[in-house]
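The values are calculated or read from the model by the stated rules, or taken from the named source; none is laboratory data. Because the structure is predicted, anything quoted here is derived from the model rather than measured. Note: ideal-geometry Cβ built from the backbone for every residue, glycine included; neighbour counts use all protein chains shown.
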Amino acid sequence: MKTKGLFLTALFISFLCSAQSIEKFSVDSGGASATAGELEILYTIGEVAVQELSVGNIKISEGFINGGMKIRIDPKLFLQGPLLNPVSAGLMNDDLRQNAYIPTTSPYPDAATCNASVFNVVGPNAIVDWVWIELRAANDNQKLINGKSALLQRDGDVVALDGFSNVIMTAAPTNYYVVVKHRNHLGAMSAATIAINETSPTVVDFTNSGFSTYGLNAQVVLGSGVTALWTGNTNNTNYIRFSGANNDSNAIKDYILSDPANGFGSVTFSSSGYLNTDLNLNGIAKFSGSGNDSNLIKDNVLAHPSNGFGTPTFTIQATVPPQN
C-alpha cells in the first residue's frame, strides 16, 4: 500500500508540474464595468483571467485591472428647491452647509465620504448637497454601467469629493447616457448618448434649456430661463404627488408629527436637520404655516405643463427609465 501511495503522489506531482501556467500579460486596453446592486465588476478585454469583484468591504482581484479605464465628466445641474428664493441670482442657496447639516458620508449607494473641510468653502463654489451621477449603456438606457456620488456647488458645478476637481468614473471611454439624481428631486437623463473620454472632461449641462433630456418635461424651466430638477420627491419614489395614495405631502406631515422634538404633536411644528422632507434645502421641514414644504409640492403639481386640467391629484412622473 505504501508503494502504491508513493506512486500516486509522484504521478500527482508530475501532473502539477506539467499543468499550463497563467501568463500575466495584456493584449489590449478594451473593457468596461457592470454593476448589480452592491456588486461591481470591472473587466478588460484580451487579458487572462482579469476581473475585480467587490461586495461591501470584500474585494477579489485576479490578474490585472487596466489602469486606463477612467473617464472624466463635468456635469452641471440645478436643484429647483434651493433656487426658489435665491439669496444671490443664479446661485443655489447653501443653507444646509451653513447650518452644518450636510453629512460627510453620501446618502447614496456607494456611501462615499469626504473631508469636513470641503464644507468650509464659501461663495459660488460652496457645496449645496450630495448628488448621484450615473452612466447608462448606449444600447440599453436601463442598463447601469456605473454610478457615483459627487458634490454639487452653488453655481451648478458637480465636483469630486475634494470639492473642486472634475468627477472621474471607472468606465471605458465611449458613449453613454448620463443621469443625474438627488435625494428629494426627480432625476433627469440625457436624451442622447454622449461621448466621454479619459483625457479631457466632457461637459454635460443640465441647466441649459437647450440641452435635450429624456422624456417630456423632465425638468422645470425657471423664470430665469435655466432648467432644474423638480423638487417634491419626499418618498424616494419615481413620482411627485400632492394628494392621493402615498402622496409626498403626507410624508412631510408624518415626519413632523413623529419628530421627538415635537412634544405637542403640532402640525405647524418645524423640524430641522438633513431631511428628505426639506424640499427647498433650507434645513427646515414644515407641513403647514408660512413657507411650508407641502405648498412646494402643490405648486409644482398644479403648474406642471402636462397637468392640463390643473388638478391637485395629478402625478408628476419621473422620466429616467427604471434600472434593470
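Quick notes on this one:
- Residues satisfying the stated conditions in segment 244-289, i.e. polar (S, T, N, Q) and assigned to a loop (DSSP other than H, G, I, E, B): Asn246, Asn247, Asn262, Ser266, Thr268, Asn276, Thr277, Asn280, Asn282, Ser288
- Residue match in segment 188-196 (condition: surrounded by 21 or more Cβ atoms within 10 Å (Cβ to Cβ) and either part of a loop (DSSP other than H, G, I, E, B) or not assigned by TED's automatic domain parsing to the domain that holds Ser224 (or both)): no
- Restricting segment 220-247 to residues that are within 22 Å of Val158 (Cα to Cα) and of a type in the set (Ser, Thr, Tyr) leaves a set whose member that is modelled with the lowest pLDDT is Ser224.
- Test: Ala261 is of a type outside the set (Phe, Trp, Tyr), more than 14 Å from Thr313 (Cα to Cα) and surrounded by fewer than 18 Cβ atoms within 10 Å (Cβ to Cβ): yes
- One residue stands out in segment 293-310 among those that are without any contact (Cβ under 8 Å) to a residue 12 or more places away in the chain and touching a helix residue (DSSP H, G or I) at 6+ places or on another chain (Cβ under 8 Å): the one that is nearest to Leu186 (Cα to Cα), namely Asn307.
- Picking from residues in segment 137-165 that are basic (Lys, Arg) and in contact (Cβ under 8 Å) with a residue 60 or more places away in the chain, the one that is nearest to Tyr274 (Cα to Cα) is Arg154.
- Residue in segment 216-226 that is surrounded by 21 or more Cβ atoms within 10 Å (Cβ to Cβ) and within 17 Å of the chain's Cα centre (by Cα) present: yes
- Qualifying positions in segment 162-187 - out of contact with any Ser or Thr (no Cβ under 8 Å at 6 or more places or on another chain), in a loop (DSSP other than H, G, I, E, B) and under 27 Å from Arg241 (Cα atoms): Arg183
- Restricting Asn208, Asn300, Asn247, Asn282 to those that are surrounded by fewer than 16 Cβ atoms within 10 Å (Cβ to Cβ) and either under 24 Å from the mean Cα position of the chain (by Cα) or among the hydrophobic types (A, V, I, L, M, F, W, C) (or both) reduces the list to Asn208.
- The condition of being among the charged types (D, E, K, R), more than 20 Å from the chain's Cα centre (by Cα) and modelled with pLDDT of 95 or more holds for only one of Asp162, Asp74, Asp155, Asp95, that being Asp95.
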